[in-house]
């Protein structure tokens, strides 16, 4: 067990290391001069030289990469380039501390509201594939998966905000708000994510349970005359806990990364909007920090899902 955990942990660390190289290299090869972009059209050669020296842009790329990676491991994300260039140092740590909780709360609420009905209906769809409810749900899920998330968001704004006036179209929450008001303003982005993620969880759950129900030990249970509920509860679901945990963890990770567009649409103060604003300003440290945090969440949640699968499935602990 310990050997499996260590091996999965090493794989996660190597994956993050590879992602860090891709992120740093990707921001390095972007066209344009960062100092020129920061100072604008009125930049002088002396000012450009001072900015490059102040921001450490004159150092070789590999040295800046290792310094950036070491600072990230220590939890120091540095300062915003655009703010630091004009003497108004803005700590990325402080901004992320304010925004990361908003993004996690948005994704967490969405995956919770989508996972419970998605798993239940996915199990029902696997057991009764020809039922009318199954066909309706499958058709609805295909439509929701096919539509872009921003399109669904604008439809909800037009219906629930403009026409009905139930929810606000701008989700500008803050720490001083009461919980009820905060939830009210988060309703539309959460509802959008639920519609998208519900279909994803339902389809994966149906495929997972259907695969388990086609295995020989399930067929033997059917031949013995066991009732359907007992076959599902005592045989199918225990063997499907690991894959279902992976589905939920992957859904949560996808939602955290996938809130970027919706946070811009709903003006939600989360990590996604912070990253988009940084891209428009060519604020490379902010883009690198947000990208690495998103990648860390994605890899970390998959690591936890693998551990859960190992714990609930003895066959993974004792491979052939």
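The values are calculated or read from the model by the stated rules, or taken from the named source; none is laboratory data. Keep in mind the model is a prediction, meaning the values are calculated, not measured. Positions of Cβ are generated from backbone atoms using ideal geometry, with glycine treated the same way; all protein chains shown enter the neighbour counts.
Condition test on residue 119, is it over 13 Å from residue 198 (Cα atoms) and either out of contact with any strand residue (DSSP E or B) (no Cβ under 6 Å at 6 or more places or on another chain) or loosely packed, with under 14 Cβ neighbours inside 10 Å (or both)? So residue 119 does not fit the description; no. Any residue at all in the range 284-295 that's in contact with a helix residue (DSSP H, G or I) (Cβ under 7 Å, 6 or more places away or on another chain), in a helix (DSSP H, G or I), at pLDDT below 85 and over 21 Å from residue 198 (Cα atoms)? Yes - at least one qualifying residue is present in the range 284-295.
For residue 177, state whether it is in the same structural domain as residue 160 (by TED's automatic domain parsing) and part of a loop (DSSP other than H, G, I, E, B). Criteria met by residue 177. Out of 225, 258, 242, one residue alone is outside the structural domain of residue 7 (by TED's automatic domain parsing) and part of a loop (DSSP other than H, G, I, E, B). It is 225.
The condition (being in the same structural domain as residue 261 (by TED's automatic domain parsing), within 27 Å of residue 269 (Cα to Cα) and touching a residue at least 24 places away in the same chain (Cβ under 8 Å)) is satisfied by just one residue among 209, 127, 201, 119: 201. Among the residues of the range 79-116, those that are surrounded by fewer than 18 Cβ atoms within 10 Å (Cβ to Cβ), in contact with a helix residue (DSSP H, G or I) (Cβ under 8 Å, 6 or more places away or on another chain) and modelled with pLDDT of 85 or more comprise 100, 104, 105, 108, 113. Look through 219, 178, 263 and report the one residue that is more than 19 Å from residue 127 (Cα to Cα) and free of Cβ contacts under 8 Å to residues at least 24 places away in the same chain. Criteria check complete, one pass: 178. With respect to residue 137, is the statement that it is farther than 30 Å from residue 273 by Cα, over 23 Å from the mean Cα position of the chain (by Cα), in a helix (DSSP H, G or I) and modelled with pLDDT under 80 true? In short, yes.
Can you tell me which residues in the range 213-237 are over 19 Å from residue 129 (Cβ atoms) and touching a helix residue (DSSP H, G or I) at 6+ places or on another chain (Cβ under 9 Å)? Across the range 213-237, the qualifying residues are 217, 226, 230, 234.
The residues listed here are 166, 212; of these, the one that is farther than 30 Å from residue 97 by Cα and at pLDDT 85 or above is 166. Of the residues 146, 161, the single one that is more than 19 Å from residue 107 (Cβ to Cβ) and surrounded by fewer than 11 Cβ atoms within 10 Å (Cβ to Cβ) is 146.
If you go through the range 172-196 and keep only what is at pLDDT 85 or above and in contact with a helix residue (DSSP H, G or I) (Cβ under 9 Å, 6 or more places away or on another chain), you end up with 182, 183, 186, 187, 188, 189, 190, 191, 192, 193, 194, 195. Taken together, the criteria place residue 249 among residues that are surrounded by 19 or more Cβ atoms within 10 Å (Cβ to Cβ), within 25 Å of residue 116 (Cβ to Cβ) and at pLDDT 80 or above.
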